[in-house]
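Undergrad: I have a structure I would like to understand better, so I am pasting it below and will then ask my questions one at a time.
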Amino acid sequence: MEWKAKILSIKDFEDEGKIIDRVIELECPNDFSFKPGQYVMIAHNKVKNKHDPKQLRWGSMSIASSNHQKGKIELVIAAGEPTGITYFVANKCKKNDYLLLRGAFGVFEIKEPYDELVLVGSGTGLAPLMAMIRSKLDSGEKKPMTLFFGFKEKNLFLFQEELEQLKQKHPNFQFFYITSRELSLEGKQGHVQELLKDHSFNKKKNIQFFLCGPPKAVPDISKTLQGMGFSEKQIHFEQW
Ligand SMILES: Cc1cc2nc3c(=O)[nH]c(=O)nc-3n(C[C@H](O)[C@H](O)[C@H](O)COP(=O)(O)OP(=O)(O)OC[C@H]3O[C@@H](n4cnc5c(N)ncnc54)[C@H](O)[C@@H]3O)c2cc1C
């Protein structure tokens, strides 16, 4: 499916006056459907493919919203290089502007049976995990779900308020976070793997892990989990 999507809302996460991440809500047709974990492709008429300027520059963006929500989706955009689509959306687009969207694509989704879900995100890699958490809780999931989230510093704490509210509302959902450039409020500093190493998992349970983040982080997280005794079959990932 391809459509012109109006930007309905914008929330920016900045560092020293520079937009690092931008969370946007976009209109989508009511019959648009996706599986939590999937992504859309986004483009804008003003951003061409630098290798073939007749073509638009399309970028893949994971959907962060619940698949129970109709009429709009949410994306988390990390501003990249100035010639790219992410930089343009983060720095030039305004509310009520339009983007071109295609989707949904991808095979990163929860298919396997599980007793417990563990979601491990680094930076904007939280986006597809957020779709999984929101969609599962919206459909009345009662099995335990734990999110481990690592990011650089506290002004880049995506969805902080919502995550805290979800934890209050749903006793089966908990989350832990760590920051790499500064001490977190809980006195922790480092990458998300540190949180995993400190956590006591019930290995008798069928735990399925879903990891997402930049290409450097995901293999390291997977290696940490395998070093803790979890099998490759339990570990599912998307890396950017
Ligand atoms: C399945 C999947 C899901 C993803 N989900 C997200 C997400 O939710 N949020 C997120 O922020 N990122 C996500 N990404 C990563 C994102 O798609 C890439 O970072 C993408 O490259 C961003 O596009 P960009 O044009 O901004 O590239 P940039 O970050 O600007 O550049 C990346 C590369 O593309 C080249 N490039 C830049 N501009 C152009 C151009 N105009 N024409 C041709 N090449 C160019 C650059 O030379 C560089 O090599 C996802 C990736 C995948 C595969």
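Undergrad: Just checking, does the range 125-138 include any residue being more than 10 Å from the ligand (Cβ to nearest atom), over 25 Å from Leu196 (Cβ atoms) and modelled with pLDDT of 95 or more?
TA: Yes.
Undergrad: So, one more: Among strands (runs of 3 or more DSSP E) lying entirely in the range 1-107, which contain 1 or more residues that are more than 12 Å from the ligand (Cβ to nearest atom), buried (at least 19 other Cβ atoms within 10 Å of the Cβ) and without any contact (Cβ under 8 Å) to a residue 60 or more places away in the chain?
TA: Values: elements: 2-15, 18-27, 39-43, 52-56, 59-62, 72-78, 98-105.
Answer list for the range 1-107: 18-27.
Undergrad: Out of Glu74, Glu81, which single residue is of a type outside the set (Gly, Ala, Ser) and at pLDDT below 95? First the steps, then the outcome.
TA: Numbers: Glu74 fails: at pLDDT below 95.
On inspection, the qualifying residue turns out to be Glu81.
Undergrad: Please give the number of the condition Lys154 fails out of (1) at pLDDT below 95; (2) closer than 24 Å to Leu225 by Cβ.
TA: With (1) at pLDDT below 95; (2) closer than 24 Å to Leu225 by Cβ applied to Lys154, the lone miss is (2).
Undergrad: Could I ask something else about it? Return a yes/no flag: does the range 194-203 have any residue that is out of contact with any Gly (no Cβ under 9 Å at 6 or more places or on another chain) and among the basic types (Lys, Arg).
TA: Scanning the range 194-203 turns up no residue that is out of contact with any Gly (no Cβ under 9 Å at 6 or more places or on another chain) and among the basic types (Lys, Arg).
Undergrad: With the requirement that a residue be within 18 Å of the chain's Cα centre (by Cα), surrounded by fewer than 17 Cβ atoms within 10 Å (Cβ to Cβ) and either on the phi > 0 side of the Ramachandran plot or of a type in the set (D, E, K, R) (or both), what does the range 157-177 give you?
TA: Glu161, Glu162, Glu164, Lys167 - these are the residues of the range 157-177 that are within 18 Å of the chain's Cα centre (by Cα), surrounded by fewer than 17 Cβ atoms within 10 Å (Cβ to Cβ) and either on the phi > 0 side of the Ramachandran plot or of a type in the set (D, E, K, R) (or both).
Undergrad: Please go through the range 216-229 and pick out each residue that is surrounded by 12 or more Cβ atoms within 10 Å (Cβ to Cβ) and either touching a residue at least 24 places away in the same chain (Cβ under 8 Å) or in contact with a Ser or Thr (Cβ under 8 Å, 6 or more places away or on another chain) (or both).
TA: Scanning the range 216-229 gives Ala217, Val218, Asp220, Ile221, Thr224, Leu225, Met228.
Undergrad: Need the failing condition index for Ser139 against (1) touching a His at 6+ places or on another chain (Cβ under 8 Å); (2) surrounded by 13 or more Cβ atoms within 10 Å (Cβ to Cβ), just the number.
TA: The failed condition is (2).
Undergrad: When you look at Gly150, is it closer than 21 Å to Ile235 by Cβ, assigned to a strand (DSSP E or B), of a type outside the set (Asp, Glu) and in contact with a Ser or Thr (Cβ under 6 Å, 6 or more places away or on another chain), yes or no?
TA: Values: closer than 21 Å to Ile235 by Cβ: yes; assigned to a strand (DSSP E or B): yes; of a type outside the set (Asp, Glu): yes; in contact with a Ser or Thr (Cβ under 6 Å, 6 or more places away or on another chain): yes.
Spelling it out, Gly150 is indeed closer than 21 Å to Ile235 by Cβ, assigned to a strand (DSSP E or B), of a type outside the set (Asp, Glu) and in contact with a Ser or Thr (Cβ under 6 Å, 6 or more places away or on another chain).
Undergrad: List the number of the failed condition for Lys111; all other conditions in (1) without any contact (Cβ under 8 Å) to a residue 12 or more places away in the chain; (2) surrounded by 13 or more Cβ atoms within 10 Å (Cβ to Cβ); (3) under 16 Å from Glu238 (Cα atoms) hold.
TA: It is condition (2) that Lys111 fails.
Undergrad: Still on this structure: I'd like to verify a number: residues in the range 115-126 that are of a type outside the set (A, V, I, L, M), surrounded by 18 or more Cβ atoms within 10 Å (Cβ to Cβ) and not in a strand (DSSP E or B), how many? Break it down stepwise before answering.
TA: First, the residues of the range 115-126 that are of a type outside the set (A, V, I, L, M): 115-116, 121-125.
So of that shortlist, the ones also surrounded by 18 or more Cβ atoms within 10 Å (Cβ to Cβ) come out as 121-125.
So of that shortlist, the ones also not in a strand (DSSP E or B) come out as 123-125.
Summing the residues that are of a type outside the set (A, V, I, L, M), surrounded by 18 or more Cβ atoms within 10 Å (Cβ to Cβ) and not in a strand (DSSP E or B) in the range 115-126 gives 3.
The values are calculated or read from the model by the stated rules, or taken from the named source; none is laboratory data. Please read these numbers as outputs of a predicted model, since none were measured by experiment. Don't worry about glycine lacking a Cβ; one is built from the backbone with ideal geometry, like all the others, and counts go over all protein chains shown.
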